[in-house]
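What follows is a single structure, written as C-alpha cells, with notes after it.
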Amino acid sequence: MEKKSILIAGGGSTYTAGIVVMMLEYLDKFPVRKIKMYDNDEERQQKVAEACEIIIKERAPEIEFLYTTDPEEAFTDVDFVMAQLRVGKYAMREQDEKIPFKHGVVGQETCGPGGIAYGMRSIGPIIQLADYMEKYSPEAWLLNYSNPAAIVAEATRRLKPDSKIINICDMPICLEEIMARVINKKSRKEMDVQYFGLNHFGWWTSIKDKEGNDLMPEIKAHVAKYGYAENTPAGQHKEESWLEAMRAGKQLLEIEPDFLSNTYLKYYLMADETVAHANKDYTRANEIIDGREKNVFNECARIVANGSAKDTTIASSEHAVFIVDLARALAYNTKERMLLITENKGAIENFSSDAMVEIPCIVGKDGYEPMSVGKIPTFQKGLMEQQVASEKLVVDAWVEGSYQKLWQAITMSKVVPSAQVAKDILDDLIVANQEFWPVLS
Ligand SMILES: NC(=O)c1ccc[n+]([C@@H]2O[C@H](COP(=O)([O-])OP(=O)(O)OC[C@H]3O[C@@H](n4cnc5c(N)ncnc54)[C@H](O)[C@@H]3O)[C@@H](O)[C@H]2O)c1
Ligand SMILES: O=P(O)(O)OC[C@H]1O[C@H](O[C@H]2[C@H](O)[C@@H](O)[C@@H](O)O[C@@H]2CO)[C@H](O)[C@@H](O)[C@@H]1O
Ligand SMILES: [Mn+2]
C-alpha cells in the first residue's frame, strides 16, 4: 500500500495527540510517510507538536514530521487534510453557551444560537483550508471534523461544490459503541445500522447483527431504563453535562418509540429541562477548560519535560478511529459503509434534495455514494425541515452579510421561543463575535 502524507489542520487541538497515537497504531492498515500539523496559533500548536514529535520519534521514527503556521509549507505534498479547527477556541465556546442561557434559551456548542454563532465563525476559515488544499495539493481530500458540522457542511456544499471535502461526526460512532456494549458485542462493527437525519439531529431505524438478527428490541429495552448513560467509554462522558445528555436517551425513546435517537435531539425536544438543569455560570466549555484541555496540555508538557512518551495517558479515541477508517476507504477503495454528512439528492425521498443529511454511504477511491433511505415519517420530516432551514439561513447570512437572515436563522431554531428573544440573543452574539464574524447590515 502506498504510504500517505497527512496534514492535521488545527494542530493545537485537544484531539491531535490522540489522532497521532491512533495513526501509529494503524500503520499496518494505513501506512503513513509524513505527518504535518498546521494552526494559526503558533504557541498553542507548539505545545502539542513537541509532544507528538517525541511520540513519533519513539514509535515510528521513519515518519517525517513537521509543524508550521505557514499554509504553503503545511498544505504542500499532502494526501489528506484532517481538519479540526475551533475558531475562537474555548473562550468563544463559553460565550456560545452562556449568552443564550442568559436569555433563558439552550446554550450549546453546536445546537441553537450557540451553534449558529459558532457556524458564523467557522465558515470562512474552513473555506480557507479548502482553498489552501486546492492550491498546494489539488488531489488531496479534506476530511472535516470542525464543528458545527451541519452548518459547515451546508457552506462547503454551496461555496465549494466541486471540492473533495467530506464532513463527518463521531457522535453516532460513540453511541453505537455504547449500544454494542449493552448487548455484549465487542464493537459497533459487529452491527449493521440504518440511520438518517441531519448532523447532531438523527435517528437509528434499524440495528442488526451480521446474521441479520434484529438487535433493536434488546437495545431499546436497555435505553428505556438507562438511556445511554451506562457503558460510556472509559474516561469519557463522565461529567454531569454529558451524563444528562446520555440519560436523555430514555425520554427520547418515549417521544419516538420506533427509532433510537441521537442524544443531541434532547437539546431540541427537551429544551425546557435543559435550561432548567443548566449551570449558567459554569457550562460545558468551563468543564473542558478545567478538564480535557488542561489535562491534554499538562500531559504534552510532561512528555516534553521527560523527553519521552513512555507511560503516556494519551490514547486514541473513536474520534481518531473514524477519521482513519475514512481515509483508508478513500485511499484503498475499501468500500466501507460509513455515516457521512452528504447532499441528500433524493436519498431521503420526501426531503429537500439540497439538504445536507447524515446517512450511510459507501466509501471508496472515487469518493462516496449515499445509500437510499426512502420516505421518512412526518415527525422527523417536520423537525428536520425546521432545523435545515435554520442552517441554510445561517449560510445565507454569512454569504450576504445579512443581519435579517441571521435573525431569521435564530428565530427558526426550535429552541428559541420568539423573534424578539432571537433578536436579543443575536445582538449580544454580534458584540461577542466582532473579531470573527463578517460585518452584518
Ligand atoms: N465532528 C465531530 O463529531 C467532532 C468531535 C469532536 C470534536 N469536534 C470538533 O473538533 C474541533 C477541535 O476541537 P478541540 O476541542 O480539539 O478544539 P481546540 O480549541 O482544542 O483546538 C482547535 C485548534 O484550532 C485552531 N484554530 C482555530 N482557528 C483556526 C484557523 N482559522 N486556522 C487554523 N487553526 C485554527 C486553534 O488555534 C486550536 O489549536 C472543534 O471544532 C470541535 O467541535 C468535532
Ligand atoms: O463537550 P465535548 O467537547 O466533550 O464534546 C462535544 C463533542 O461531542 C461529540 O464528540 C464526542 C464523540 O462523540 C466521542 O466519541 C468522543 O470522541 O468524544 C467526542 C467529544 O466528547 C460530538 O460528535 C462532537 O461534534 C462534539 O464537538
Ligand atoms: Mn459531532
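The values are calculated or read from the model by the stated rules, or taken from the named source; none is laboratory data. Remember, predicted model here, so these are calculated numbers, not experimental data. Here the Cβ is made from the backbone with ideal geometry for all residues, glycine too, and neighbour counts use every protein chain on show. For accessibility, only protein heavy atoms count, side chains too; no ligands or nucleic acids. Shrake-Rupley method; radii C 1.70, N 1.55, O 1.52, S 1.80 Å.
One table, with the values for the structure above:
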item	result
Selection from Ile362, Gln84, Tyr282 lying farthest towards where the dipole of the chain points positive, charges on Cβ	Ile362
Per-selection metrics, the range 1-152 (Cα): Rg and Dmax in Å	16.5, 55
DSSP bridge orientation in the range 271-365 - percent antiparallel, rounded to nearest 5	100 percent
Carbon + sulfur, % of accessible area of the range 1-106 - ligands and nucleic acids excluded, 1.4 Å	45 percent
Simple Cβ-charge dipole of the range 203-332, Lys/Arg +1 and Asp/Glu -1, about Cα centre, in debye nearest 20	360 debye
Amide hydrogen neighbours beyond the local backbone of Ile165, cut-off 5 Å, H modeled	Leu142
Among Ala331, Gln194, Ile63 - extreme Cα towards positive end, dipole of the chain, charges at beta-carbon	Gln194
Antiparallel DSSP beta bridges within the range 314-412, percent to nearest 5	90 percent
Share, in percent, of DSSP beta bridges within the chain that are antiparallel, nearest 5	50 percent
Positive-end extreme of charge dipole, the chain - chosen from Leu265, Ala9, Ser390 (charges on Cβ)	Leu265
Top of Asp77, Asp427, Asp162 by mean-square fluctuation, Gaussian network on the chain, Cα under 10 Å	Asp162
Dipole in debye (nearest 20) - the range 355-425, about Cα centre, beta carbon charges: Lys, Arg +1; Asp, Glu -1	200 debye
From phi via Karplus (6.51, -1.76, 1.60), per-residue ³J(HN,Hα) for the range 390-395 in Hz, x at Gly/Pro	4, 5, 5, 5, 5, 5
Euclidean distance between Cα centres, the range 322-392 to the range 278-305, Å	33 Å
From phi via Karplus (6.51, -1.76, 1.60), per-residue ³J(HN,Hα) for the range 205-220 in Hz, x at Gly/Pro	10, 7, 9, 10, 7, 5, 8, x, 7, 6, 9, 4, x, 5, 5, 4
The chain, relative contact order [Cα under 8 Å, separation at least 6], %	18 percent
Integer Hz, Karplus 6.51/-1.76/1.60 couplings in order for the range 54-66, x for Gly and Pro	5, 4, 5, 4, 7, 10, 8, x, 6, 7, 6, 9, 8
Over 21 Å between alpha carbons, listed pairs Lys102/Lys250; Lys225/Lys266; Lys4/Lys310; Lys29/Lys238; Lys102/Lys423	Lys102/Lys250; Lys4/Lys310; Lys29/Lys238
Nearest-20 debye value, the range 1-132 charge dipole, Cβ charges on Lys, Arg, Asp, Glu	480 debye
The range 216-325: proportion of alpha-carbon pairs further apart than 16 angstrom, %	69 percent
Cut-off under 5 Å, modelled amide H: who pairs with Glu336 long-range	Val363
Residues whose placed amide H lies under 5 Å from that of Val32, excluding near-sequence neighbours	Lys4
Helix-derived mean residue ellipticity, 222 nm - over the chain, DSSP H n ≥ 4, -39500 (n - 2.57), to 500	-15500 deg cm²/dmol
Values of log10 I(q)/I(0), in the order q = 0.07, 0.13 Å⁻¹, for the chain under a Debye, Cα-only, solvent-free model	-0.32, -1.25
